[in-house]
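The values are calculated or read from the model by the stated rules, or taken from the named source; none is laboratory data. Keep in mind that what you see is a predicted model, and the values were worked out from it rather than measured. All Cβ positions, glycine included, derive from the backbone under ideal geometry; neighbour counts span all protein chains shown. Ligands, DNA and RNA are excluded from the accessible area calculation, which covers all protein heavy atoms including side chains. Shrake-Rupley method; radii C 1.70, N 1.55, O 1.52, S 1.80 Å.
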Amino acid sequence: MNFEFFLAKRYFRGKRQGSRFLSFIKIIAITGVAVGAAGLLIALSIVHGFKSVIHEKVHGFAPHITIESATTGPILRADTLQTHLMDIEGVSAAHPVTFGDVMIQARDDVSGAVVKGVEPNGDLTDLRDYIAEGSYQLDPAEDGYPGIILGAALARAIGAEIGGRVTVYTVDGIPTPFNPPDLVQFTLRGIYETGIERFDDAFALVDISHVRPLFGLGPTEATGVDIRVEDRSSIESVHEEIQWSVSFPYRSETIYQRYRNLFAWVDLQEQTIPFVISVMVIIAAFNLIGTVLMMVLERIRDIGILKTMGAKSREIRRIFMLEGIFVGITGLTFGIGIAILFNWLQATWQIIPLAQENYYMNYAPVDPHLADFLIVTVVTLLLCALASWLPARFAARTDPVRVLSFGR
């Protein structure tokens, strides 16, 4: 292959007098491959980033598995169920929780919310990582009132501030002097913000011992049991074991079932966007057909001379296929460089901002995968080789007698 490689490299780099137009076409072909490869790699990095961030935020807010009563009533012996669940392989923690709809008030503003009572030392999620103001504390503040943690949107809606008083109450029917609401007052200790509106605008966390009286539950009763597994990848397998071990009157669901809409939205992006962007690579690669064909026409006399000197058709075909592959390699190199530079700029400076209320984050996240770079490289080079094959085959079938006669 040394002979073919030498000539292909010479033709690719060489500049003939009067061939500026061909050089321009070659630059356009290289640019097309570069833009297509860079666009596909950047799109893949962004959709992977979206998926990673959304997964982290959902896992940070919700437990891996939740068990609730299959009836309208509560779980009567949540402590016994908790002990049983801890014996299941793969379960790292299980805590009884109590939640329900309440009205929540701060200053003069009132809003509906879902209050969740958890263990005094906190819940089984990573919500601590999303505290935007204050701290994750449910123990009583200096004023003696128990602590409460609110979502950022909910706190803004009711005008709550760190250290301020928050009143939570339930209403059973129409409030009257004979049917007063049950209420508990709290001190706002922390505000969390995940960026996902459905999480931030309607949830409040408090110590479970202060929520049970609001819903008329006893000390061993709970609305559900939250479960955390040792390894996220085993959530489904642990859930199957729980379903087999814990039957009616309980029902269980995983985090993927509870928030299936969010996960489906992310998966849809990951599946469709790269497919659409990959069309750019295909178009750019097949633009090489015209480019290599023009290279063949420019070197038509050289082909005739090479054949009269004994060059075989397969050697001529390899020369121009290699020249097309050189165009692909050059464009691919520039494309990979552009993608790497973009990923660094976006990760460091967040040059593409987003509206958090629409995209659940302030800027486009990037999560480049080495496998994507390898796949795009292999596929692009294969397409370039395929696109170069047709004009290279035309060059190999050139009749040297006709070429040299035409040139005289």
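General observations
- Rounded tilt (10° steps) of 2-13 against the dominant C-alpha axis of the chain: 80
- Helix 370-396 and the longest principal axis of the Cα set of the chain meet at an angle near 20°.
- In region 313-408, the ratio of gyration radius to Kirkwood radius, Rg to Rh, stands at 1.30 when only Cα atoms are counted.
- Calculated FRET efficiency for the pair Val114/Leu390, C-beta based, R₀ 60 Å, to 0.05: 0.40
- Principal-axis tilt of helix 235-245 within the chain, Cα atoms, nearest 10 degrees: 40
- Computed extension gain for Asp126 through Glu236, at 0.36 nm per residue and net of the alpha carbon distance, reaches 37.6 nm.
- Rg/Rg_ref, region 143-256, where Rg_ref = 2.2 N^0.38 Å and atoms are Cα: 1.34
- Reachable lysines from Lys116, criterion Cα separation under 26 angstrom, eight or more residues apart if same chain: Lys57
- If R0 equals 35 Å, the separation of the Cβ atoms of Arg258 and His369 corresponds to a calculated FRET efficiency of about 0.80.
- Accessible surface of region 1-130, 1.4 Å probe: 55 percent of it comes from carbon and sulfur atoms.
- When the Gaussian network model of the chain links Cα atoms closer than 10 Å, the mean-square fluctuations of Leu217, Leu288, Leu370 top out at Leu370.
- The residue among Gly216, Pro181, Tyr359 whose Cα reaches farthest toward the positive pole of the charge dipole of the chain, with charges on the beta-carbon of Lys, Arg, Asp and Glu, is Tyr359.
- Sparsely packed GluC sites (Glu not before Pro) within region 137-218, loop by DSSP, other Cβ within 10 Å at most 12: Glu142
- Ratio Rg/Rh [Cα only; Rh per Kirkwood] for the chain: 1.25
- Excluding same-chain neighbours fewer than eight residues apart, the lysines reachable from Lys9 by a Cα-Cα span under 27 Å are Lys26, Lys307, Lys312.
- Residue-span extension gain [Leu76 to Arg10] - 0.36 nm each, minus C-alpha spacing: 15.5 nm
- The H on the amide N of Ala364, modeled in the peptide plane, is under 5 Å from the matching H of Ile352, Leu354, each at least 5 residues off or on a different chain.
- Taking the charge dipole of the chain about its Cα centre, with +1 at Lys and Arg Cβ atoms and -1 at Asp and Glu Cβ atoms, the residue from Tyr169, Ala94, Val279 reaching farthest to the positive side is Val279.
- Comparing Phe263, Ile289, Ile235 along the charge dipole axis of region 180-297, the residue lying farthest to the positive side is Ile289, per the Cβ-charge model.
- Most mobile listed residue (Lys312, Lys51, Lys116) in the chain, GNM with C-alpha springs under 10 Å: Lys312
- For region 37-139, the pair-distance distribution built from all alpha carbon pairs, in bins 5 Å wide starting at 0, is 2, 9, 12, 17, 17, 13, 11, 8, 5, 4, 2, 0 percent.
- Mean Cα-pair separation over length for region 66-223, i.e. relative contact order, pairs under 8 Å, 6 or more apart, %: 32
- Using alpha carbons only, the radius of gyration of region 94-196 set against its Kirkwood radius gives Rg/Rh = 0.97.
- Full extension of the chain between Lys312 and Glu298 gives 3.1 nm of extra length, using 0.36 nm per residue less the Cα-Cα distance.
- Gaussian network model of the chain, Cα within-10 Å springs - most flexible of Ile30, Ile303, Ile196: Ile303
- For a label point 7 Å along the Cα-to-beta-carbon line of Glu197, residues of region 338-369 with backbone N under 16 Å: 354-362
- For the chain, averaging the sequence separation of C-alpha pairs within contact (under 8 Å, six or more residues apart) and dividing by the residue count gives a relative contact order of 28 percent.
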